[in-house]
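Student: What follows is a single structure, and I will ask about it in a moment.
The values are calculated or read from the model by the stated rules, or taken from the named source; none is laboratory data. Since we're looking at a predicted model, the values are computed, not measured. Because the Cβ atoms are built from the backbone with ideal geometry, glycine has one as well, and the counts that use them run over all protein chains shown. All accessible areas refer to the heavy atoms of the entire protein, side chains included, with ligands and DNA or RNA removed. Shrake-Rupley method; radii C 1.70, N 1.55, O 1.52, S 1.80 Å.
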Amino acid sequence: MMNLDRFFKEDRRGVTPLTAALGLLYAFLTFYCSRSHEPWFDEVYPWITAQSASWSYLIFEHPHWDAHPVLWHSILKIGSFLFPENGLPLLGLLFAWIFAAIILYFSNLPIYFRFGFVFSYFFFYQYPIVVRGYVLYPILFWLIFNLWEKRENKPYYYGVILSLTASVTIHGIILIVALLGVEFIQGLKRGNLFFKERNRSIPYLIAGFTCAFWMMNLIPHYSPVPTSLSLEEGIHRLYWICTIFTPIKWLTIVIFIGSSYLMFKRGILSLFLLPITLWILFFFFIYYSPWHEGILFSWWAMCVMKSLTIIQNWNLIQKKIVVFLFCIIFLIQIKWSAVAFWNDILYPYSAGKELAKEIKQNGWEKDSFIGFSEHASAVNYYFNKNLFQNSWKPENRYYSLNKSVDLARPLDGIIQGTPRFIIANEIDEGISPIQYKGYILLKRYKGSLFWKDTVTFPNGLDLYIRE
């Protein structure tokens, strides 16, 4: 009984020999893995955009082509001045280390939960190593939860945090809508709508202006390629979301139900469910990628951290069930972290580095290139100029998301102009290389996107040379 109480009891000790050792271990392992990691185009694209674009373009024009706010791009632009060669991995590590320090030294969590969360898959590998703007969310979510019960006393500070959250990706804007819904529900319970309470409405007015600004800037300057989603495809997405905690999908459902009960007892059920529900609906109807699961995991983790002390008042059977579930979650998450870490050490994540090395060794960077698919642009990470003549703005290193034009593959296999090289992305390495008239395949370069304990899909590049 006592052991179970200790499992959930708050631990107000900050820096201890054990937490210091865990922090050093986390920093060493993530730094070591980051040194071997090869960024792919989702990481490269914001970095080369931040390096190449002006501030005015970055803030007012780029969102029309990228479909996301640009807080991360802005941070990268500052980082590119300070660390022009390796700013991308350093910034990823910096924000991951800040969050790890918060959990290890300032969270008051039991040591088991500090260890489990810090070394979980998203907080150990997917955010620090595969560096994208999502690495900002755990810190911002922590600040939101830390301020939640004090938001009336610090409305302007809370409003700034909400605005920063809305400026990361479209998911942050969705969160603001969800929090607004939570405030409305709580206002109904009190019999006094929150917008009549000045200090509660101020943060949402500040965040509302930010959201409106980004929504205006997100209107595309091109005709997006139309997509349709069948009910079967939507259900398939939900099916994969159910692997967020463990590969056992029914167990994830059990965990969500149990978490809902935990949040209900803590009095934050709407704060847990509304954001999760809106995000899942967005994934179902609009857009979903596997790495978006980290947003759900991060919000769930914050809700858990906020609610752990409630469990101390539960009976012994309930405590045993909770301990069992969290042991499963953390063991599987740490296993996923270890496998992804090891794969990234041993194998190339992106084919861009090997291809860029060969181009440099042969002195080909002065030759003419065209590229097909935005994946090919990952090669630009290793050069100070844009290799591709057919990119949206050849003088810049970044591309647009106008997939029908920029870096588009010719359907007839006939190349416009006479570039010496073609770099094309092939997601399926099992198919035969595409034939381009007047060109021969010189070499295929392999890369693999690691996801948990599997490979999501090959990330290869094909290099062609003119006959």
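Student: If the Cβ limit is 9 Å and pairs must be 6+ apart or interchain, which residue in the range 192-219 that is in contact (Cβ under 8 Å) with a residue 12 or more places away in the chain and crowded, with 18+ Cβ neighbours inside 10 Å pairs with which residue that is outside any helix (DSSP H, G or I) and among the β-branched types (Val, Ile, Thr)?
Tutor: 214/70
Student: Suppose we filter the range 107-142 for residues that are hydroxyl-bearing (Ser, Thr, Tyr), under 16 Å from residue 303 (Cβ atoms) and not in a loop (DSSP other than H, G, I, E, B); how many remain? Give the steps one after another, and end with the answer.
Tutor: Quick first cut of the range 107-142, residues hydroxyl-bearing (Ser, Thr, Tyr) only: 107, 112, 120-121, 125, 127, 134, 137.
Narrowing further to those that are under 16 Å from residue 303 (Cβ atoms): 107, 120, 137.
Restricting the remaining residues to those that are not in a loop (DSSP other than H, G, I, E, B) gives 137.
Going through the range 107-142 one residue at a time, the tally reaches 1.
Student: Scan 401, 411 and give me the residue that is more than 15 Å from residue 376 (Cβ to Cβ), among the aliphatic types (A, V, I, L, M) and either open to solvent by 60 Å² or more (accessible area, probe 1.4 Å) or in contact (Cβ under 8 Å) with a residue 12 or more places away in the chain (or both).
Tutor: On the way: 401 fails: more than 15 Å from residue 376 (Cβ to Cβ).
Within the list 401, 411, the selection yields 411.
Student: What is the one condition in (1) within 21 Å of the chain's Cα centre (by Cα); (2) without any contact (Cβ under 8 Å) to a residue 40 or more places away in the chain that residue 341 does not satisfy?
Tutor: Exception for residue 341: condition (2).
Student: Let me ask something additional. Checking the structure you have, find out if any residue of the range 220-229 is outside any loop (DSSP other than H, G, I, E, B) and either within 30 Å of residue 74 (Cβ to Cβ) or open to solvent by less than 30 Å² (accessible area, probe 1.4 Å) (or both).
Tutor: No, the conditions are met nowhere in the range 220-229.
Student: Could you tell me which numbered condition residue 83 fails, if it satisfies all but one of (1) of a type in the set (A, V, I, L, M, F, W, C); (2) surrounded by fewer than 16 Cβ atoms within 10 Å (Cβ to Cβ); (3) in contact (Cβ under 8 Å) with a residue 12 or more places away in the chain?
Tutor: (3)
Student: Among the residues of the range 11-46, what is the count of those that are part of a loop (DSSP other than H, G, I, E, B), open to solvent by less than 80 Å² (accessible area, probe 1.4 Å) and of a type in the set (D, E, K, R)?
Tutor: Residues meeting the conditions: 2.
Student: Quickly run through the range 176-219 and pick out the residues that are closer than 25 Å to residue 299 by Cα, modelled with pLDDT of 90 or more and in contact with a Pro (Cβ under 7 Å, 6 or more places away or on another chain).
Tutor: Residues satisfying the conditions are 178, 202, 203, 214, 218.
Student: Right, another one. Conditions: (1) at pLDDT below 85; (2) part of a helix (DSSP H, G or I); (3) open to solvent by less than 60 Å² (accessible area, probe 1.4 Å). Residue 239 meets all but one. Number of the miss?
Tutor: The failed condition is (3).
Student: Next question, about the same structure. Please find, within the range 414-450, the residue that is modelled with the lowest pLDDT out of those that are under 29 Å from the mean Cα position of the chain (by Cα) and buried (at least 20 other Cβ atoms within 10 Å of the Cβ).
Tutor: Let us first name the residues in the range 414-450 that are under 29 Å from the mean Cα position of the chain (by Cα), namely 423-430, 444-450.
If we keep only those that are buried (at least 20 other Cβ atoms within 10 Å of the Cβ) too, we end up with 423-426, 445, 447-448, 450.
Values: 423: 94, 424: 90, 425: 84, 426: 71, 445: 91, 447: 88, 448: 88, 450: 90.
Filtering first and then ranking leaves 426.
Student: Could I ask something else about it? Take the residues in the range 181-191 that are of a type in the set (A, V, I, L, M, F, W, C) and surrounded by fewer than 19 Cβ atoms within 10 Å (Cβ to Cβ), then tell me which one is farthest from the chain's Cα centre (by Cα).
Tutor: Of the residues in the range 181-191, the ones of a type in the set (A, V, I, L, M, F, W, C) are 182, 184-185, 188.
Adding the requirement that they be surrounded by fewer than 19 Cβ atoms within 10 Å (Cβ to Cβ) leaves 184-185, 188.
Working: 184: 29, 185: 29, 188: 34 Å.
Of everything passing the filter in the range 181-191, 188 is farthest from the chain's Cα centre (by Cα).
Student: Now a separate question. Just one of 274, 278, 331 is at pLDDT 95 or above, more than 20 Å from residue 99 (Cα to Cα) and either charged (D, E, K, R) or exposed (fewer than 15 other Cβ atoms within 10 Å of the Cβ) (or both); which is it?
Tutor: Unique residue meeting the criteria: 331.
Student: Also: Taking residue 104 and the conditions (1) without any contact (Cβ under 8 Å) to a residue 40 or more places away in the chain; (2) part of a helix (DSSP H, G or I), which numbered condition does it fall short on, given that it satisfies the others?
Tutor: With (1) without any contact (Cβ under 8 Å) to a residue 40 or more places away in the chain; (2) part of a helix (DSSP H, G or I) applied to residue 104, the lone miss is (1).
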